[in-house]
Every structure is written in structure tokens, then in C-alpha cells.
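Notes for the one structure printed next.
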Amino acid sequence: MPDPILMLEALAAALVASALVAAAGRLGGRRWAAASQAAAIALGVAAGLAVLKVHPRWPMREDQDRFLGLVLPAVVLLESLPGSVRFPGWARIGARLLASAAVAPALLFGSSYVADLAGPGSATWPPAQRCAILAGLGATLFAGWSLLNWTARRSGSAFRVPFALAGATAGASGCVMLSGYATGGMNGLPIAGALAGAAIAAALLRGDDRDALPGVGIVALSGLLLSGYAFGELRPDAAVALFLAPLLCAVPEAPPLAGLKPWARSAIALALVATATAAVVGLTLHRFQAAAASKATDDPYDAYR
Amino acid sequence: MKLASAASGLMAALSLSTSLAARAADDYAIDPAHTSVVFKSNHGGFASSYGMFDEVSGKFTIDPKSIESSKFELTIKVDSIDTGDAKRDGHLKSPDFFNAKQFPTITFKSTSVAKHEGGLKVVGDLTLHGVTKPVTLMLTGGKVGEFPPGVARTGYDTSIAIKRSDFGMDKMIPAVGDEVGVLISFEGTKP
């Protein structure tokens, strides 16, 4: 298990770096809000990863290389553009749809799920099934991304969506670590810290979160969960629940809760997200402990003691 | 006409001698039941932990008349890792270590074989974790016999120490040691 003190230091470094960059970005005005939020996430994650001494390697042979070196930079770049560069709405939606569709293929590239590594036809997912699964994953991510963008705009809260994503990402990080993929899970902590830092800066400085944070956050969360499921032993039920958890922050925008004051809606939203995330983390921890206990009771030498 | 006939006869004779030379080499298929790949690595500086791979396949050719023509190929299925602890096996299969979904096999393919005191010196390419590097195996053994009767068999033992970080498997060090000792024993049978 990785050093918990080191993990906390990485989380704190990401949070502080991200908050400082986001705060500095407020000087640039509304036009640069998206770019400054994206920069805050990028530099926050970089600071946290530096503490963990993690960096993507070239060539990108493994999922984490592609996640940290390709997927995250691409979505940060994509989400930094609105505001600073004028795009028609359809182009923005198209770019997000394309990015959503590309995340799973990028992470699974060259793996036994999609490549015939043990001879012709040996891929875990045959071509037709592969297309359906990858399309489904892309569509699900795009739907979640769109819902969070809608929620961020409608909620009137600077921190609701990014905090929800930070909490879910921190929970996912822990669950992936408990599911036999320690280094992959650990990489989620700087992302969670960076999201929280940028959200704190946005809340304190009366900014808003309508820009880069929801997109980067949901893509990072989905990438983390997909890596944990595909390359570690994260159960699909836990992965699905953790993906859905931050989407619960949209619930108070539906009647009858939509009539409440913004702070009350945000409080309910974050309570829902925290409860769902905590439940999945608790379940994963229980499974981890049960598996460890099962090993202890299955010890064949017990009979000789 | 006579000249053509003589040339044809010479070609046939050459072809026959080449064929006999090829037959002089013995082709063996790895006998999985009598093949073991066992590894050990240090756990946090406390003691060594051992594990093995349950699925090993391959083939080799021994040419007693021209030993440098001998060849060895070994394939190990990473998913068959077995340390006696299912949770640890799962962790070892993850990208923290072997990354079985990305790199499902470990392979060795010889590039040169030479005689060595008590056995063979086999140089070859070891592909582990998607990285290929040359390694040298000093094989001992090579007894040839029939076991059970009617089944020609031979076998070898070897050991090697590698640094897993040389193959890009550099995570969780020093919690799990960088240097890994590998014991390999294999037998081959010939129909």
C-alpha cells in the first residue's frame, strides 16, 4: 500500500497549486475563466504527481501513461478553449462528443480487450461487441458530461459540481487502490485535490464553475474508473455507482427541490453525492477486508496449528 | 543427356543428405507437467516471497551435431501467476506489476546456443512487460532418454536474476524488490 502521508501531501499540493492558479486567473476576467480553470487543474495535477514522483512515460505503453499523458491534457486543452476562442455551439458539442468517444479506446489501446495479443480472434471483446461497448462508454460519458454542464449552469453555485466531482474522484481513487491497482488509484488523488482547489478559489472569489471544471472532472473520473475496472479488479457495480455519484448533484434541480434556495439545493446535492460515494467506498473496503479474512481462514496450515 | 542425368542424381543426393541432416536435430515440445517457472522477490526488506507460473508452453530443437543450430522458445502466460494468495495474484496481474491485460505473455526466444560445461549457454531475447532485452541462460542437464517407454525426453534447469525495472516494471519499489530471481526447469518430449 502506498504511503498515506505521501498521498495526503500530493492531495494538498494539488489543492494549493490549483487554488493559487485559479485565484490568479480571476485577474484575467471572465473571458479567461475557462483557460485559468483548465490551467489550475493542469498545474494542480502536475504538482500532486510531482509529489508522488509519477509522470507519464514515453512511449505510452500503459493505461496510466495514456491517461496522464494524453487523455487529461487533451480534455484540459479542449475545455480551456471556450471563452478565449469563439466556437459555435455545435462545434463545442461535437468536440465533447468526440472526446467522450476517444477516452475508452485511448485507455484500452493495445490491451487484450481490443487487440488480438494471443493470436487471431483472441481479443476479449470480439469486433462487434467491442464497437458496442466502446460506443456505449462514450455515449455514457457524454451524457454525464452534458448533465454536469447543465447542472453547473443552472445551479448558480460556484462549487457544487466541482466539489461533487472532487469527492467522487477521491472515493474512486480509494476504491481503485483497494481493488489491486494501487498506483492507478493513487493518481486520482491529485486530480481530486486540483478540482477541490479550483472550486474553493471559484467560491471564495465569487467566480463561477461553468467552464472547464465539470468536463475535466468527469473525464478524469471516468478514466480512473475504467482503468480500475479494466486493468485492476474494481467491480463493475462499484465503477458504475461511482460514475453516477457526482451526477446526483443534478437531483435538486428537479421539482420540488428546484424551488429551494441555491445554497439549500447545493447542500442537498453534495450530501447526496457524499452519501453515495461513501457507500461505495465502504462496500469496496468491506469486500477488501472480506477477501483478506477469507485468505486467513483458508490457510491450509491452520489444521496443523 | 548423360550430363543432365548425372546432375539430377547429384541434386537428389544433396537433397537427401540435407534432409538427413535436418532429421539429426531433435524437435521437442515443452512438457507442461514437468516444467516450472518459479520466481522470488524481496518483500519490503523482510523476507523473500515466492510464486510461480502455472501455464508455460514452448518448443526447442537440439542438434547434437551442430549445437549452435539449436533453438529454444518459451512462452509464459502471465495470467497463470500463482503465489498461493488470490488477492496478491490479482495485484501482481495489475499494472502495478505485470499488467497482464496489456502484456499477457512473457516470452524467451534464443538467438544463439553454444556448448558449456555441463550443458548449454543460451543467449536470447526475453520479452517481459512489453520490453525485450537480451539475457543469457546457462542450462544444465540435457540427459536424453525415454520416459515413459516410447516417449523420448530431455530436460534442463537454469536460473537467472533480473532487475524488473530494466523491463519497465518499476512500480512499488522497494516495497517489492527490484531484483527478481527466476528458477526455470523444463522438459521436452518428442513423439
* Test residue B:129 against the stated conditions and say whether it is at positive phi and either touching a strand residue (DSSP E or B) at 6+ places or on another chain (Cβ under 9 Å) or of a type outside the set (Ser, Thr, Tyr) (or both). => yes
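Which one of B:65, B:87 is of a type in the set (Lys, Arg), at pLDDT below 95 and either more than 30 Å from residue A:183 (Cβ to Cβ) or part of a loop (DSSP other than H, G, I, E, B) (or both)? Talk me through it step by step, then tell me what you get.
Details: B:87 fails: either more than 30 Å from residue A:183 (Cβ to Cβ) or part of a loop (DSSP other than H, G, I, E, B) (or both).
Of B:65, B:87, the one residue that is of a type in the set (Lys, Arg), at pLDDT below 95 and either more than 30 Å from residue A:183 (Cβ to Cβ) or part of a loop (DSSP other than H, G, I, E, B) (or both) is B:65.
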* **Of residues in the range A:76-118 being of a type in the set (Phe, Trp, Tyr) and within 14 Å of chain B (Cβ to nearest Cβ), the one nearest to residue B:130 (Cα to Cα)** => A:109
* **Pairs with Cβ under 8 Å, 6+ apart, first in the range A:166-179 and closer than 26 Å to residue B:89 by Cβ, second among the charged types (D, E, K, R)** => A:178/A:287; A:179/A:233; A:179/A:235
* Asked: Can you tell me which residues in the range A:182-195 are more than 14 Å from chain B (Cβ to nearest Cβ) and open to solvent by 10 Å² or more (accessible area, probe 1.4 Å)?
  -> A:189
* **Residue in the range A:58-75 that is more than 23 Å from residue B:101 (Cβ to Cβ) and either within 14 Å of chain B (Cβ to nearest Cβ) or not in a loop (DSSP other than H, G, I, E, B) (or both) present** => yes
* **Complete set of residues in the range A:123-169 that are touching a Gly at 6+ places or on another chain (Cβ under 8 Å) and closer than 30 Å to residue B:101 by Cα** => A:145, A:165, A:166, A:169
* Structure fact -> Of the candidates A:24, A:19, the one satisfying the condition of being free of Cβ contacts under 8 Å to residues at least 60 places away in the same chain and assigned to a helix (DSSP H, G or I) is A:24
* Applying the selection to the range A:210-224, what residues are open to solvent by 10 Å² or more (accessible area, probe 1.4 Å) and not small (Gly, Ala, Ser)? -> A:210, A:211
* Test: residue B:154 is of a type in the set (S, T, N, Q) and surrounded by 18 or more Cβ atoms within 10 Å (Cβ to Cβ) -> yes
* Sole exception among (1) in contact with a Phe, Trp or Tyr (Cβ under 8 Å, 6 or more places away or on another chain); (2) buried (at least 23 other Cβ atoms within 10 Å of the Cβ) for residue A:270, by number -> (2)
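The values are calculated or read from the model by the stated rules, or taken from the named source; none is laboratory data. Note that this is a predicted model, so its numbers are computed, not measured. For neighbour counting, all protein chains shown are included, and Cβ atoms are generated from backbone atoms with ideal geometry for every residue, glycine included. What goes into the accessible areas is simple: the full protein's heavy atoms, side chains included, and nothing from ligands, DNA or RNA. Shrake-Rupley method; radii C 1.70, N 1.55, O 1.52, S 1.80 Å.
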